[in-house]
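Each value in this text was obtained by applying a stated rule to the coordinates, not by laboratory testing. As the structure is a computational prediction, the values presented were derived from the model and not from experiment. No Cβ is skipped: glycine too gets one built from the backbone with ideal geometry, and neighbour counts run over all protein chains shown.
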Amino acid sequence: MDIYTPFHFHPYSAFDVVVKNTHLGQDLIYLCINRETAKNSGFKILTKHPLTIQECRLYDYDEGFNLIDWDTMMEINRGDDYAKHVKMAECLTEKRVLIDAFTCMYVASEQVKEKVVGILRDNNVDFPPPHINVMHIWFMG
């Protein structure tokens, strides 16, 4: 699985919490891709955390998407092991993801947003896409 870039469906997965706590105080960014783009680009889906699946199987996009327990994925404040594993479902690609594939980005503050805008402009990325949203709550550990 190390050759894949993961995109999670949920911003509060156990993985995300560990990353946020490990890198507390650092500028983190959520890079978001449209589901249709992922599907059309041949992304694969892992329906739960790989350590909880007896046979770790990557599904083609449509099949994997339909196998995800979306009711559990969308529940708020559910902390049991099953919910944690469902929220670790991933959309995976082994391809390089170019900047114009990103629909939007989420950052923790206006200051981080300005840094990202500067980096994108310095690298000749045309605007408006990707749109940069400030979502402080997503970055709390």
Subject >> Restricting the range 80-110 to residues that are surrounded by 11 or more Cβ atoms within 10 Å (Cβ to Cβ) and free of Cβ contacts under 8 Å to residues at least 24 places away in the same chain, the residue that is nearest to residue 31 (Cα to Cα) >> reply: 83
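Among the listed residues 39, 48, identify the single one that is among the basic types (Lys, Arg), more than 24 Å from residue 136 (Cβ to Cβ) and in a helix (DSSP H, G or I). Give the steps one after another, and end with the answer.
Numbers: 48 fails: in a helix (DSSP H, G or I).
One residue alone meets the criteria, 39.
So how many residues does the range 78-102 have that are in a helix (DSSP H, G or I), of a type in the set (Asp, Glu) and closer than 21 Å to residue 36 by Cα?
Quick first cut of the range 78-102, residues in a helix (DSSP H, G or I) only: 81-86, 99-101.
Remaining after also requiring of a type in the set (Asp, Glu): 81, 100.
Filter once more, so that each one left must be closer than 21 Å to residue 36 by Cα: 100.
Residues that pass the stated criteria total 1.
Go through 114, 75, 63 for me and flag whichever is out of contact with any Gly (no Cβ under 7 Å at 6 or more places or on another chain) and in a loop (DSSP other than H, G, I, E, B). Before the answer, list the steps.
Numbers: 114 fails: in a loop (DSSP other than H, G, I, E, B); 63 fails: in a loop (DSSP other than H, G, I, E, B).
Going through 114, 75, 63 in turn, just one is out of contact with any Gly (no Cβ under 7 Å at 6 or more places or on another chain) and in a loop (DSSP other than H, G, I, E, B): 75.
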**OP:** Could you list, in sequence order, all residues of the range 117-138 that are touching a helix residue (DSSP H, G or I) at 6+ places or on another chain (Cβ under 6 Å) and either closer than 15 Å to residue 27 by Cα or part of a strand (DSSP E or B) (or both)?
**Re:** 132, 134
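How about the range 22-41: which of its residues are touching a residue at least 60 places away in the same chain (Cβ under 8 Å) and not aliphatic (A, V, I, L, M)?
Looking only at the range 22-41, we keep the residues that are touching a residue at least 60 places away in the same chain (Cβ under 8 Å), and these are 24, 27-34, 37, 41.
Correct list: 27, 30, 32, 34, 37, 41.
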